[in-house]
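The next block holds one structure in the form of structure tokens; read it before the comments.
The values are calculated or read from the model by the stated rules, or taken from the named source; none is laboratory data. None of the values given here were measured: they were computed from a predicted structure. Cβ atoms come from the backbone with ideal geometry, glycine included; neighbour counts cover every protein chain shown. The area values use the complete protein model at the heavy-atom level, side chains included, leaving out ligands, DNA and RNA. Shrake-Rupley method; radii C 1.70, N 1.55, O 1.52, S 1.80 Å.
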Amino acid sequence: MEASSRGLSRNPSVPDIGNSPDRPPSALGASDRIAIGDFAIDRNEVTIGDFAAFAEETKLKTAAEQEGGGHEWGSGWERHPGWTFRTPYGEPPLDTLEPAVHVSWHEARGYCAWVGGRLPTRGEWRLAAYREHGGGSAAGFVTGTTYRYPTGATPEGANTSDDDAWARHAPRGATRQGVNGLYDMGGNVWEWLADREGGDALTAGGSWWYGPDKMREESMQWKPADFYVAYIGFRCAYDLKS
């Protein structure tokens, strides 16, 4: 299954943009952000359109594009020609607001630096995904409450392997709004976090491939940082000036 992702390794060439908070983000990259304590986090996952703007400006050719296509689980990990962030299943997506996948941890980190941010840490993810700080109060979440799922007390409304409206990826804002007003912190696609353990990086949130149990905090998974697959995307975090 998807969890068995250790072992694939190649190191993509990612432009060293630098983490410059003064760099103006692209029009697509200027996503809605939610402030939580001393950091902010993207309300939504980085989309195909967002990442395409980054790739075009920086002349980035992703590892999936260079190395013959991204991966999907079948009889083990299988590479599929033509599967890239632009064409996640070998053909144009229904909507460029779907999450950007077939992106390695290194490439995700490069994008976040380009928009003046960084990948969120495990601690930041925990605060944003499960504990309501006020951004989701209009949707009925209670400030100060810690929830079992990013969608609240239940996984209802997330894009998982259970019955829902999405066969694979859901576009930005299509699923139910969750804790702190965030979307898809659980389900849809796994998301890269900043945390590293040797050659591996941490992912959180689960994906449409799995059931809702993978949405919980204890189900975070380590995957090779240079791995790229149809089930992993990301969002960015930002330091707030005091």
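Look at the Cα gyration tensor of the chain: its axes a ≥ b ≥ c give a/c of at least 1.5 with a/b at or below b/c, and that counts as oblate.
So with the 1.4 Å probe, I'd like the accessible area per residue for the chain, rounded to whole Å². Per residue, the chain has an accessible area of 41 Å². Put a dot 7 Å past the Cα of V142, heading toward its Cβ, do the same for D239, and the two dots end up 3.6 nm apart. Sorting R109, R33 on solvent-accessible area from highest to lowest, probe radius 1.4 Å, gives R109, R33. Taking all protein chains as they are arranged and a probe of 1.4 Å, the heavy atoms of K61 leave approximately 110 Å² accessible to solvent. Residues whose amide H comes within less than 5 Å of that of R33, counting only those at least five positions distant or on another chain, are R43 (H built at 1.01 Å from N in the peptide plane). In the chain, helical runs assigned H by DSSP with n ≥ 4 each contribute -39500 (n - 2.57); averaged across all residues and rounded to the nearest 500, the mean residue ellipticity at 222 nm is -4000 deg cm²/dmol. Here, P(r) means the percent of Cα pairs in each 5 Å bin from 0 to the largest distance; for the range 49-93 it is 6, 23, 26, 25, 13, 5, 3, 0. Per-residue SASA remark: R176, around 90 Å² accessible (1.4 Å probe; ligands, DNA and RNA not included). With both labels modelled 7 Å from their Cα along Cα-to-Cβ, the A35 to T154 distance reads 3.5 nm. Once backbone amide H atoms are built at 1.01 Å from N, G69 has G82 as its partners under 5 Å, excluding neighbours fewer than 5 places away on the same chain. Apolar share of the accessible surface for the chain: 48 percent from carbon plus sulfur atoms, 1.4 Å probe.
Under the membrane-span-like helix rule (DSSP H runs whose alpha carbons stretch at least 18 Å along the helix axis, mean Kyte-Doolittle hydropathy 0.5 or higher), the chain yields none. Taking amide H positions as modeled 1.01 Å from N, with prolines and chain starts lacking one, the residues under 5 Å from R235 and 5 or more places away or on another chain are V46, W192.
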